[in-house]
Amino acid sequence: MFRTLLSLLLVFTLVSCNDAKISEADIPKQAQIALSAESPLGQFLASSNKSAVIKFYAEWCSTCEKYEPTYKKVAASMGNAVDFYEVDVDDSQYKELLRQLKISRIPETVFINKDRTNITKKLGSIPSVKLEQLISSQLI
C-alpha cells in the first residue's frame, strides 16, 4: 500500500513539475473567453490596461524554482511595458482562474495581449532571451 502511494506521488510530481523546456499549448484565439469584470481572469486583470504575463507555479516544484530568477529578471527589465504576475497554484483563491485558463501542469506562463483577445500559454521553464522575444513579438 505504501509503495503504491509513493509511486502515485512520484508520478504526480513528475507530471505536474514537467522539466520540458517549452511546449506550446496555444488556447484558440479567445474572443469567446470570459474576460468580463465578473470572470476570474477579468477580475485578476481589472487593475490594468497593459498586456499581461502570468506565471503559474508551486513552491514544491523544482522546475518552478529554477525558472524564478529568469522570470524576475525579465519582469524587472520589461515591467514598464507589460504587467507581470505570479500565481501559486496551491492558493485556493485562484481555483477558478486555474480552471478558466486550464492550468494543469507547472510552471506555465500565460501571455495575454492588451486588448484581452489573444491568450497564449507556454509550458516549462523559458530561457530569458526566448521569454523577452515572446513578450516583444506578442504583447508589445
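The values are calculated or read from the model by the stated rules, or taken from the named source; none is laboratory data. Quick caveat, the model's predicted, so the values are computed rather than measured. Neighbour counts run over all protein chains shown; Cβ positions are idealised from the backbone, glycine included.
Pairing each residue of the stretch 55-72 that is crowded, with 21+ Cβ neighbours inside 10 Å with any residue that is among the basic types (Lys, Arg), provided the two are 6+ apart or on different chains, yields C-beta distances under 8 Å for 67/55; 71/55.
Condition test on residue 36, is it among the hydroxyl-bearing types (Ser, Thr, Tyr), in a loop (DSSP other than H, G, I, E, B), modelled with pLDDT under 95 and surrounded by fewer than 17 Cβ atoms within 10 Å (Cβ to Cβ)?
On the way: among the hydroxyl-bearing types (Ser, Thr, Tyr): yes; in a loop (DSSP other than H, G, I, E, B): yes; modelled with pLDDT under 95: yes; surrounded by fewer than 17 Cβ atoms within 10 Å (Cβ to Cβ): yes.
Spelling it out, residue 36 is indeed among the hydroxyl-bearing types (Ser, Thr, Tyr), in a loop (DSSP other than H, G, I, E, B), modelled with pLDDT under 95 and surrounded by fewer than 17 Cβ atoms within 10 Å (Cβ to Cβ).
Among what's in the stretch 89-140 and is among the hydroxyl-bearing types (Ser, Thr, Tyr) and surrounded by fewer than 20 Cβ atoms within 10 Å (Cβ to Cβ), pick the residue that is modelled with the highest pLDDT. Selected residue: 128.
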